[in-house]
Amino acid sequence: MAKKKNTPAKEKAQKTPAKAKSPDTEKLHWLVRPQSIRNLWIGGGVMLAALVAIEKAVHTHGYFGLDGTFAFNAWYGFAVCVAMVIAAKGLGLILKREDSYYDGD
Amino acid sequence: MTVIETFPPGLVLVLGALVVPFLRGTAQKTWILVLPLIVLVLVWRVPDGTVLTVSFLDYTLTPVTGDALSRLFAIIFSIMAFAGGLFAINHCREIEITAAYIYAGSAIGVAFAGDLITLFLFWELMALGSTTVLLTGGGQKAMPAAMRYLLMHIMGGSLLLVGIVTHIDTTGSIAFVAMKPDSFATWMMMLGFLVNAAAAPLSAWLPDAYPEASPGGMVFLSAFTTKTAVYVLIRGFPGSEILIFFGLFMVFYGIIYALLENDMRRILAYSIVNQVGFMVTGIGIGTEMALNGAAAHAFTHIIYKALLLMSAGSVLLMTGKRKCSDLGGLFQSMPLTTVCGIIGALSISSFPLTSGFISKSMISQAAADESLMIVWYLLAAASAGVFLHAGIKFPWFVFFQKDSGLRPPDPPLNMRLAMILFAALCIGVGVFPGPLYSILPFPVDYVPYTAAHVLTMLQLLLFSGLAFFICLPLMKRTLTISLDVDWLYRRLTSATIRKLIAIFGPIDQAIRASALAGLNQAIGRVYRFLGPEGVMARTIPAGAMVYWAVTLLVVYLVLNLI
């Protein structure tokens, strides 16, 4: 299941290079063809929606209140990940150096 | 009991490793594969209680003391040595495998050490073994990295030694039992353990050194040092609240740095710190559920992290490239490595039906049971973050992403077999958690597979995945590294010393020059006085002496008469 989800989204970034090579589309690995990528995105979207919808049928008990509310894990997982990416990006401005930084040592 | 039954299993691996360089060809390969299996059987057979006692000075050492916790760690260390040996057998030098087995054997020695002296001896042997693995297998950059690694571990070892000596001096006991960080001695011991656990702020040694090892070398390195630290913390400091803070910091430190990193094996190195953070948090919570969770997570972590590093090591070996910006699209020609890498990535992310799901969730459950609300929310956020930095980032940038044009085949058979073995274990333990639960230190009252748990975990992880792909433009790989605490000792100290030399050098020279001039002057004076032409060297006629003697006698006479 997880792999299915990974793959659709994964292929998104390949969309552009794949399209750029459109004359060779037939030669591309089936996984990186634009049509497959589109299908995988659709499949992934449907699965995410289904995961939230199923929660209506499954009783999820929270421990602290907020975590028991509907679709908590979905939005929480999404929100904290975006926050962490942005935090990393921000810290990167201060911490990042050329990867040859220590080479002269 | 027979000698074989009482002999320390760790030492069997250490001594057996020393035989490896003397063997050749098939005999050598067979021995490399059979030795860890013999040790595994010996470990399995260690009963509860003290098996061996040895007199040393005024103390009675207990080098083999068994219980469920010791056996759990020793078992996974033996399995790891086998799989690591299988993976390394054709691309690592024999001296490297020898060092790796000495390293693994001393880790098993630590797991069975019933007293602090034995513990310390194996602890230091581990540092030497791991440094040798780095030195013998790594490239050009490995030498200075290994030296920094060794210095850090000598410092950690010194802290531990100070703690142990003070502890023995004040309590008179050498037994290694549960303690509290409430005295100088116990604090020093805990800090010594935490250095090896790569706890902040001294975690930079791990991503600095490990990725410089050979492909097989890093697989070994990922397993033993940090996990023996987890073991000694579980046994020595369960329920020490400060560990929760250390652990949570490590968890987020690992995620943020891994997100910034471009080198695939450094991503996984940061992810070791992240995962050990979960375990340290569990040890800090300290309930039976939490300690079981920490121990189980160490067990499963060794397997999936080794699997991830085998996958990354295979890519490195077959392409010679280690930067995400140079890789991509490898799934087309390395299908097995890709699948095994993805299984490792799903396991580290705690996906249902993989080993991480049945171990990490016990730590979160313990936080919930103890009503540690903030800890629970942070652990949930961190679980999502693991999927982000290791679960998707690693396989995506290495195997998919863009077509790098590289078409290397899967690695040789032995490496494929090692990956298949560990991938099977990741799924096997995830689907059938019973056997692992039955060897945990405390009875397990936990059911991982409930509809609610599976659903909430899937929601958390898959929406994290969505966030990854939406944020992908923000995560464009750059040819950079990120500064860490090691900057202090790699740059700041050397730069400071250079600056001080620039400032004080001329002053120092002036002082020396004037001191030298003064000294020369003094020598000149003394020379004039004592030298061959000096006053003292003049020959004085005997008449002068008689003159002065008579003068003295006259003065004496006059004084007498007065």
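Its relative contact order, with pairs defined as Cα atoms under 8 Å and 6+ residues apart, puts chain B at 12 percent. Couplings for the stretch B:422-439, taken from phi via the Karplus curve 6.51 cos²θ - 1.76 cosθ + 1.60 with θ = phi - 60°, read 6, 5, 5, 5, 4, 6, x, 5, x, 7, 10, x, x, x, 5, 4, 6, 9 Hz in order; Gly and Pro are left as x.
Within a Cβ distance under 11 Å of B:ILE168, other residues only, what is the Lys/Arg minus Asp/Glu net charge?
Here the count lands on -3.
The Cβ shell under 13 Å around B:MET188 holds other residues with a net charge of -2, Lys and Arg each +1, Asp and Glu each -1.
With 27 Å as the limit, write out which pairs from B:LYS323/B:LYS499; A:LYS96/B:LYS321; A:LYS56/B:LYS402; A:LYS89/B:LYS321; B:LYS180/B:LYS305; A:LYS96/B:LYS393 have Cα-Cα distances beyond it, or answer none. Pairs exceeding 27 Å: B:LYS323/B:LYS499; A:LYS56/B:LYS402; B:LYS180/B:LYS305.
Over the stretch A:45-105, consider all pairs of different Cα atoms and compute the Kirkwood hydrodynamic radius from their mean reciprocal separation; express it in Å, one decimal. If you can, show how the numbers build up before the last one.
On the way: mean 1/r = 0.0670 Å⁻¹.
14.9 Å is the Kirkwood radius here.
Assuming charge only on the beta carbon of Lys and Arg (+1) and of Asp and Glu (-1), the dipole of the protein assembly as shown about its Cα centre is about 2380 debye to the nearest 20.
Listed by chain and number, the aspartates and glutamates whose C-alpha is less than 17 Å from the C-alpha of B:LYS29, apart from same-chain residues fewer than 8 away, are B:GLU94, B:GLU96. When exposed loop sites are taken as GluC sites (Glu not before Pro) in a DSSP loop with at most 15 other Cβ atoms within 10 Å, the longest stretch of chain B clear of them is B:1-240.
Using a Förster radius of 60 Å, what is the FRET efficiency between B:LEU553 and B:ASP58 based on their Cβ-Cβ separation? Nearest 0.05, please. FRET efficiency, B:LEU553 to B:ASP58: 0.20. In order along the stretch B:165-179, the phi-based Karplus estimate (6.51 cos²θ - 1.76 cosθ + 1.60, θ = phi - 60°) of 3J(HN,Hα) comes to 4, 4, 4, 5, 5, 7, 9, x, 10, 9, 5, 9, 10, 4, 10 Hz; Gly and Pro are listed as x. Under the convention that each Lys and Arg Cβ holds +1 and each Asp and Glu Cβ holds -1, the size of the dipole of chain B around its Cα centre is about 1860 debye.
In the stretch B:22-74, which trypsin sites (Lys or Arg not before Pro) are in a loop and have at most 16 other Cβ atoms within 10 Å, using DSSP for the loop call? It would help to have the intermediate numbers written out before the result.
Numbers: sites: B:ARG24, B:LYS29, B:ARG45, B:ARG71; in loops: B:ARG24.
Passing sites in the stretch B:22-74 are B:ARG24.
Relative to the longest principal axis of the Cα atoms of chain B, the long axis of helix B:242-260 lies at roughly 80 degrees. At a Förster radius of 41 Å, what calculated FRET efficiency corresponds to the Cβ-Cβ distance of B:ARG498 and A:HIS61, to the nearest 0.05? Given R0 = 41 Å and the Cβ-Cβ separation, E is 0.10. Amide H contacts of B:ASP115: B:THR62, B:PHE176, each under 5 Å away and 5 or more positions distant or on a separate chain (H built 1.01 Å from N in the peptide plane; Pro and chain starts excluded). Straightening the chain between B:GLN521 and B:GLU124 buys 137.4 nm, computed as 0.36 nm per residue apart minus the Cα-Cα spacing. If we count every other residue with Cβ under 15 angstrom of B:VAL280's Cβ, Lys/Arg +1 and Asp/Glu -1, where does the sum land? Value of the local net charge: +2. Between amide H atoms placed 1.01 Å from N, distances below 5 Å from B:LEU52 occur with B:VAL64, all of them 5 or more places distant or on a separate chain.
What's the angle, to the nearest 10 degrees (0 to 90), between helix B:94-112's Cα axis and the longest principal axis of chain B? Once rounded, the angle reads 80 degrees. Ordered by the number of other Cβ atoms lying within 10 Å of each residue's own Cβ, fewest first, B:LEU309, B:LEU69 fall into the sequence B:LEU69, B:LEU309. Identify, among B:VAL273, B:GLY313, B:ILE302, the residue whose Cα sits farthest towards the positive end of the charge dipole of chain B, taking +1 on the Cβ of Lys and Arg and -1 on the Cβ of Asp and Glu, with the dipole about the Cα centre. Of the listed residues, the answer is B:GLY313.
Can you pull the mean other chain C-beta count within 10 Å for peptide B:481-491?
3
Computed with the Debye formula from one identical point scatterer per Cα of the stretch B:117-254, without solvent, the log10 of I(q)/I(0) at q = 0.13, 0.16, 0.18 Å⁻¹ comes to -0.55, -0.81, -0.99. Here the stretch A:62-105 is treated with +1 on each Lys and Arg Cβ and -1 on each Asp and Glu Cβ, and its dipole about the Cα centre works out to around 240 debye. Listing B:THR337, A:THR60 from fewest to most neighbouring C-beta atoms within 10 Å gives A:THR60, B:THR337.
Distance from the alpha carbon centroid of the stretch B:267-285 to that of the stretch B:177-221 works out to 11 angstrom. Since only B:MET80, B:GLN509, B:TYR446 are under comparison, the one whose Cα sits farthest along the positive direction of the charge dipole of chain B, derived from C-beta charges on Lys, Arg, Asp and Glu, is B:GLN509.
Arrange the following residues from fewest to most other Cβ atoms within 10 Å of their Cβ: B:ILE501, B:ILE302. Numbers along the way, then the final one.
Values: B:ILE501 11, B:ILE302 24.
Ranking B:ILE501, B:ILE302 by Cβ neighbours within 10 Å, fewest first, gives B:ILE501, B:ILE302.
Distances between placed amide hydrogens fall under 5 Å for B:ALA200 paired with B:MET250, all partners being 5 or more residues away or on another chain.
Show me B:396-406, B:551-561, B:342-352, B:79-89 ranked by packing, highest mean number of other Cβ atoms within 10 Å first.
Numbers: B:396-406: 19.8, B:551-561: 9.1, B:342-352: 28.0, B:79-89: 25.5.
Averaged packing, sorted descending, gives the order B:342-352, B:79-89, B:396-406, B:551-561.
Need the full-extension length gain, B:GLN509 to B:LYS180, defined as separation in residues times 0.36 nm minus the C-alpha distance. One decimal, nm.
Values: separation 329, 0.36 × 329 = 118.44 nm, distance 5.28 nm.
Taking B:GLN509 through B:LYS180 to full extension adds about 113.2 nm, to one decimal.
What separates the Cα centres of the stretch B:483-543 and the stretch B:11-34 is a distance of 59 Å. Max-minus-min Cα coordinates of the stretch B:238-484 on each principal axis give 52, 37, 30 Å, with the largest extent listed first. Computed from backbone phi, the HN-Hα couplings of the stretch B:29-39 come to 4, 4, 4, 4, 7, 7, 3, x, 5, 4, 4 Hz, rounded to whole numbers (Karplus: 6.51 cos²θ - 1.76 cosθ + 1.60, θ = phi - 60°; Gly and Pro given as x).
Rounded to whole Å, give me the distance from the Cα center of the stretch A:29-105 to that of the stretch B:294-317. Distance between centres, Cα-based: 23 Å.
Dividing the convex hull volume of the Cα atoms of the protein assembly as shown by its residue count, what figure in Å³ per residue is obtained? Write down the numbers at each step before the final one.
Details: hull volume 177.7 nm³, N = 667.
Spread over its residues, the Cα hull of the protein assembly as shown gives 266 Å³ apiece.
Read-outs: derived from the displayed coordinates by stated rules, not from any lab. All values derive from a computational prediction rather than experimental measurement. Note that we place each Cβ from the backbone using ideal geometry, even for glycine, and neighbour counts take in every protein chain shown.
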